Every structure is written in structure tokens, then in C-alpha cells.
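Working notes for the structure below.
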Amino acid sequence: MASISNLSTSISAPSLSSSVNPRSSLSSKSFIAFRPSSDFFIKVSASRLSVRRGSDLRGSLVVRCSQGDGNGIPIKRTVLHDLYEKEGQSPWYDNLCRPVTDLLPLISKGVRGVTSNPAIFQKAISSSNAYNDQFRELVQSGKDIESAYWELVVKDIQDACKLFEPIYDQTDGGDGYVSVEVSPMLADDTEGTVEAAKWLHKVVSRPNVYIKIPATAACIPSIRDTIANGISVNVTLIFSIARYEAVIDAYLDGLEASGLSDLSRVTSVASFFVSRVDTLIDKLLEKIGTPEALDLRGKAAVAQAALAYQLYQKKFSGPRWEALVKKGAKKQRLLWASTSVKNPAYPDTLYVAPLIGPDTVSTMPDQALEAFVDHGTVSRTIDSNVSEAEGIYSALEKLGIDWNEVGNQLEVEGVDSFKKSFESLLNTLQDKANSLKLVGH
């Protein structure tokens, strides 16, 4: 069993200061200013890892944001182990909440990493009482709302990193990562994103943390510079092949610019979103309304993902890549994100089963994870029918679907969704802080 240990020390780090009221408009970049401060300490308390043994080993995989310890230790192998051992794909869990020890049963079942985002933390912190004690202490010590938010998040990330550290060590830094995203308010701020990434990397201070940066046009240079600074990155919100190629180039440029003689500890994943692509393109196809158009519903996302994998194989080969390999560089793995099925008419493993291939990651929320563990089949599928994927991609273009326009629209929607989650959570925390102050009087 993994254990959280040596977490009782305080970690000094810069603070987040804000000159803007969290309840007002969040458009000002000053809202996420990062300034050094000697009074900012994140106390990470030791966590108990006692867990109850579940009587039903086939029970739900869903992690409950409870206030107790873990919710059972399954002991049998699952298809998630086969996914990694037979096909080289790492199954990750797209969720995080307290207590992080609830992840232990999932790790036992084969989960090898965790992804988080502003929407996940908004749900976790708003719906659980597990954060109340720490938040109360932060408010009573005079922390502003955003500083308090980041301390809550950093503690979860640090504790989760500790759980996955054995996997990170066993794979020599190849797996076992926990991802945390920079503020979504920085999606159009190149330099602000780099500074935020540096700050998060420093304050989390764990070898197996991925700093998530969105693949917006403004943040492509941020990805390069962050990698060049020796910081591992999870590039998120990739919706088109054209933008994906820019992401790969940013990774390669960053490795080359780093000046490091050993590149083995600077790694990256590129989070390519799938289900949202079908959600948007299906609407466009229904507007067209022809039998040919309607027949292509539910096929766009997987087809584009298959072609993205072809690009991955092409870009991570040849003289340029081989020169980096000699310095210990690792491939930027493709990570399939947004793997839950939005249309109930589609198979519940639609965005997992056809995207299995080596050197990839599939991050799954509860619905997709449970479905695949229950009735998923493990076999290499990502490049089993490339010609069909090319045919679907071209057929959609002929119908007037502009893949870059689709990608741009989904990117805008994705960034906006995360901004709204971030704002909503800060508003919720402000309300909690106000109620605590009222109780204190």
C-alpha cells in the first residue's frame, strides 16, 4: 500500500496577492498577480491511510468526496492493469477530492495518474465539508480568498502526488503524475502563464506534478518557455490537429532551449479532447440534415484522434527527435481527455475503447472508468483502421465542416467554462468566509 509520509513539514512559497475583489469582474490580469511573500506557508499535515476493506470487490469505482478515509481496497486485477501492461496505455483518473486516500482503491485497480481542472476543484470544494477546517484556519489567519483557494488546491495535489510517487519511481519518471492547472484567467496572458507555472511548480514541490497549461494561441509560447525552464507540462484543451502540431513543436523547442544535458525529468503530455468534438460536430451535421451527414454522427472525434496519433508518430521520429533522445528526452505522450460519453445513444466506452495504443494516456472520469472496467476490451485500436479515419475526416470537410473553426470554437468554450468554474468557486469561498466572520462575531 502506498503511504503518505513526511508531509508534516511546512513549505515556504510565494503568495498569490490580489488587488481585485473576487466577487467583481475577473477580467483584470492583476487578479492573478504572483508576488513573493515571506508570510505564505502551506502546512501539509500527515494523512492517515487506514482504509476499510470492501466486502464487494466488484463495487462501484466512484470516488466519494467523503470526510473519512478510503472506501475500500480491491485486490483483484482489472482490465486497467492489462491496458498498461499489454498495450502501453496509462489509465488515469479525471477527478480529485478529499480525502485523497479515496484514490487508493483506484490505484489498486490500475489507475496510474490523476488529472484535475478548475471545474473539478469547483465541484470538490463546493460540495464537500472536507475543506472547511483548513479554509477556516486560512480565513482566520487573514488570507485573501484566492490565496486560500490555492492553498486548498496545493494540499490536495501534494497529497495525491505522494500516493502516485511509487509509480513515478518504478517507471523512472515515465508515469504516476498528478496535474494541476494554472489559473484559467491567464489563458490569453503568455508571460503571466509562465510565471504562474513557475510558481505552482515551486510551491507544489513534487517531482511527479504536471503543470497544466491550455493550448491557446497565447499560451503556445508559454508551453515552450515552461519546458525550457525544466518544468513538466500537461498541455490541455487541444481540439484540432493543427493546434496539436503547434503543441508538439513547443515541446521540442522547449527541450532544445533548456540547455539541460539530461532531459529525462522534463516530460509532457498533450491532452487531446474527444467527446466535445462530437458534441459540436453532431449539431452541425444535424443542421445539414442529409443522410450522408447524419451517418457521420458520433464518428468525428475518434477519427480526428486517430489522425492525431499518426502525427505523434511522425513528429517523434527522425533526426531532430533522435538528437533529443540522446540527452534522455521522453516523448510527449498523447492523452485522451473528455472521454465521458455525452450522448446516451452512443456506447459508454466510445471514447476509450477505440483509442488504445502505446505511449498514450486515457484520463477517465467516473462514468467512463466504471464502464471500461466493467465491460471494456483491451486491444490496440488507435491505428487499426487509419484509412477509415482519413475517409471520415475528409468526408466531413467535403460537407463544409472546418476542423480549425471547430477547434477554435471548442477552445473558446473550454476556456470560458473553466473561467466560470473558477469565478463560481471563488464566490462560494467568499460566501463561506463571510459566514465564518459572522459566526465569529
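Go through the range 301-329 and give me each residue that's of a type in the set (A, V, I, L, M, F, W, C) and part of a helix (DSSP H, G or I). Before you say what the answer is, go through the steps one by one.
Just the residues of the range 301-329 that are of a type in the set (A, V, I, L, M, F, W, C), to begin with: 301-303, 305-308, 311, 316, 321, 323-325, 329.
Within the range 301-329, A301, V302, A303, A305, A306, L307, A308, L311, W321, A323, L324, V325 meet the criteria.
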For the range 236-271, the count of residues that are within 16 Å of V325 (Cα to Cα) and open to solvent by 30 Å² or more (accessible area, probe 1.4 Å) equals 9
Taking V352 as meeting all but one of (1) touching a Gly at 6+ places or on another chain (Cβ under 8 Å); (2) modelled with pLDDT under 95; (3) not hydroxyl-bearing (S, T, Y), write down the number of the exception. (2)
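Here's a check for you: in the range 134-160, which residue that is among the acidic types (D, E) and within 23 Å of M185 (Cβ to Cβ) is surrounded by the fewest Cβ atoms within 10 Å (Cβ to Cβ)?
Narrowing the range 134-160 to residues among the acidic types (D, E): 137, 144, 146, 151, 156, 159.
If we keep only those that are within 23 Å of M185 (Cβ to Cβ) as well, we get 144, 146, 151, 156.
Numbers: D144: 18, E146: 23, E151: 23, D156: 24.
By that ranking, first place goes to D144.
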Can you find, within the range 331-349, the residue that is surrounded by the most Cβ atoms within 10 Å (Cβ to Cβ) among those that are charged (D, E, K, R) and free of Cβ contacts under 8 Å to residues at least 60 places away in the same chain? K331
For the range 430-441, pairs from a residue that is of a type in the set (A, V, I, L, M, F, W, C) to a residue that is surrounded by 12 or more Cβ atoms within 10 Å (Cβ to Cβ) and at pLDDT 85 or above, with Cβ under 7 Å and 6 or more apart or across chains, are A433/V139; A433/I145; L436/R136; L436/V139
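Among the residues of the range 224-240, write down those that are aliphatic (A, V, I, L, M) and under 15 Å from the mean Cα position of the chain (by Cα). Quick ask: steps written out before the conclusion?
So in the range 224-240, the residues aliphatic (A, V, I, L, M) come out as 227-228, 231, 233, 235, 237-238.
Scanning the range 224-240 gives V233, V235, L237, I238.
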Identify, by number, the condition in (1) modelled with pLDDT under 95; (2) surrounded by fewer than 19 Cβ atoms within 10 Å (Cβ to Cβ); (3) of a type in the set (A, V, I, L, M) that L425 doesn't meet. (2)
Only residues that are part of a helix (DSSP H, G or I) and under 17 Å from the mean Cα position of the chain (by Cα): list them for the range 166-184, please. Y168, P184
Output for the range 372-395, where each listed residue is touching a residue at least 24 places away in the same chain (Cβ under 8 Å) and closer than 16 Å to T78 by Cα: F372, V373, H375, G376, T377, V378, S379
Search result, residues across the range 82-105 that are more than 21 Å from V274 (Cβ to Cβ) and either touching a Leu at 6+ places or on another chain (Cβ under 9 Å) or open to solvent by 10 Å² or more (accessible area, probe 1.4 Å) (or both): D82, E85, K86, R98, P99, V100, T101, L103, L104, P105
For the range 189-206, indicate whether the set of residues that are among the acidic types (D, E), outside any strand (DSSP E or B), farther than 23 Å from G110 by Cβ and in contact with a Phe, Trp or Tyr (Cβ under 6 Å, 6 or more places away or on another chain) is non-empty. yes
Go through the range 304-322 and count every residue that is under 24 Å from G173 (Cβ atoms) and open to solvent by 50 Å² or more (accessible area, probe 1.4 Å). 4
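I'd like the full set of residues that are touching an Asp or Glu at 6+ places or on another chain (Cβ under 7 Å) and either among the aromatic types (F, W, Y) or outside any loop (DSSP other than H, G, I, E, B) (or both), limited to the range 349-364.
Residues satisfying the conditions are T363, M364.
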Set V277, V325, V352: member being open to solvent by 20 Å² or more (accessible area, probe 1.4 Å) and not charged (D, E, K, R): V325
Within 21 Å of D295 (Cα to Cα) and polar (S, T, N, Q), is that true of S387? yes
So A301, is it crowded, with 21+ Cβ neighbours inside 10 Å and either at pLDDT below 95 or under 16 Å from R243 (Cα atoms) (or both): yes
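The values are calculated or read from the model by the stated rules, or taken from the named source; none is laboratory data. Computed from a prediction, not measured in an experiment: that's the story for all the values here. Cβ coordinates were reconstructed from backbone atoms using ideal geometry, including for glycine residues, and neighbour counts include every protein chain displayed. SASA here: full protein model, heavy atoms, side chains in, ligands and nucleic acids out. Shrake-Rupley method; radii C 1.70, N 1.55, O 1.52, S 1.80 Å.
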